[in-house]
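**Q** Following this message is one structure expressed as structure tokens.
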Amino acid sequence: MRTSEIAAFGQRVIDNVDQVIVGKRHVTELVLVALLCDGHVLLEDVPGVGKTTLARCIARSISGEFKRIQFTPDLLPSDITGISFFNQKLGEFEFRPGPVFANILLADEINRATPRTQSALLEAMEERTVSIEGDPTALPRPFLVLATENPIELEGTFPLPEAQLDRFMLRLAIGYPSEDEEDEMLQRLQHRHPIETLEAVTTTDELIAAGAAVREVHVEDELRRYIATLSRATREHDAVELGVSPRGTLALFRASQAVAALRGREYVEPDDVKSVAAAVLTHRILISPDARLRGRNVAHIISELLSTTSVPVEALA
């Protein structure tokens, strides 16, 4: 698949989702980036901004199967992965798949479940398999976990450990709509929800083919070094206690390729890297307590590193 075809594919999906989600094309593009790169997305935002609707729209647009898990403190790992039970009619054990067997899995309020239950997703997210009594079972392709968190209500929650946060390729926030966007939303929803008539514009097979083609997008040697330098700079920054992992470096590399392809180019530019840096790196950086007391935050540090790390413009030219 050529990059022009990937760009056209991406535009169809984004335009389709835009019929329901008003004014959030950039967020849809980034979720599509994660899909193309076999990544996962953590949506951290207040209730009611359209996180669940976004996941449903993307699943419908790609003809994928959508399933939702409401995470609660009493949720068990088997409620996610599925169970083996004895079928008395057949006289043998039978596996009943859990909701993790889907193309788009919405893990709603993931931080409300216990760490033991949260960890049930780790193998699925990383290996794309679920082990039932020692036997690995492959998950459908594509497979995207879109997890949500409410940053306001922290009572009764279990913060995600760094190891699990690192398995999310992107961390995004949808944000409130503007006044005009909210007015348009009210017009669209006056009679019925537009998602009821939303139709597929592509297939999961086309998405998988596009994802394979993304890996062929060219990255200059100097630009590849620039990506590695950015990650290394987070580890050496005086305000950072824990910097970006090698997994994060690879995520930034892959995401930059996907952005370039969605923009119809066969090569990555520095602006592609910068456009996804915050979404890829923010949740992988832990700033020191002293830096927090001085009012510094991760967003400021990433912005500082992007402005001070030299971009290999001459080499690319």
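**Q** Within region 147-223, list the GluC sites (Glu not before Pro) lying in a DSSP loop whose Cβ has at most 16 other Cβ atoms in a 10 Å radius.
**A** Within region 147-223, the qualifying GluC sites (Glu not before Pro) (loop, at most 16 other Cβ atoms within 10 Å) are E153, E155, E199, E216, E220.
**Q** May I pose another question? Take R224 and D290, extend 7 Å from each Cα along the Cα→Cβ direction, and tell me the distance between the two endpoints in nm.
**A** About 3.7 nm separates the two model spin labels.
**Q** Mind telling me which of A251, A278, A34 comes out most flexible in a GNM of the chain, alpha-carbon contacts under 10 Å?
**A** Maximum among the listed residues: A278.
**Q** Neighbouring Cβ atoms within 10 Å as the yardstick, rank K67, K24 fewest first.
**A** Least to most surrounded, the residues fall as K67, K24.
**Q** Could you give the distance between the Cα centres of region 248-316 and region 78-113, to the whole Å?
**A** Distance between centres, Cα-based: 37 Å.
**Q** Connecting C-alpha atoms closer than 10 Å in a GNM of the chain, tell me which of A163, A173, A260 has the biggest fluctuation.
**A** A163
**Q** Within the chain, what percent of beta bridges assigned by DSSP are antiparallel, to the nearest 5?
**A** 40
**Q** Classify the chain as rounded, prolate or oblate, taking a ≥ b ≥ c as the square roots of the eigenvalues of its Cα gyration tensor: rounded when a/c is under 1.5, otherwise prolate if a/b is larger than b/c and oblate if not.
**A** Because its axes are fairly even, with a/c under 1.5, the chain counts as rounded.
**Q** Also, quick follow-up: So what is the calculated 222 nm ellipticity per residue for the chain, using -39500 (n - 2.57) for each DSSP H run with n of 4 or more, over all residues, to the nearest 500 deg cm²/dmol?
**A** The helix contribution divided over the chain gives -13500 deg cm²/dmol.
Bear in mind that the values in this text are calculations on the coordinates, not laboratory data. Because the structure is a prediction, the values reported are computed rather than measured. We place every Cβ from the backbone using ideal geometry, glycine too, and count neighbours over all the protein chains shown.
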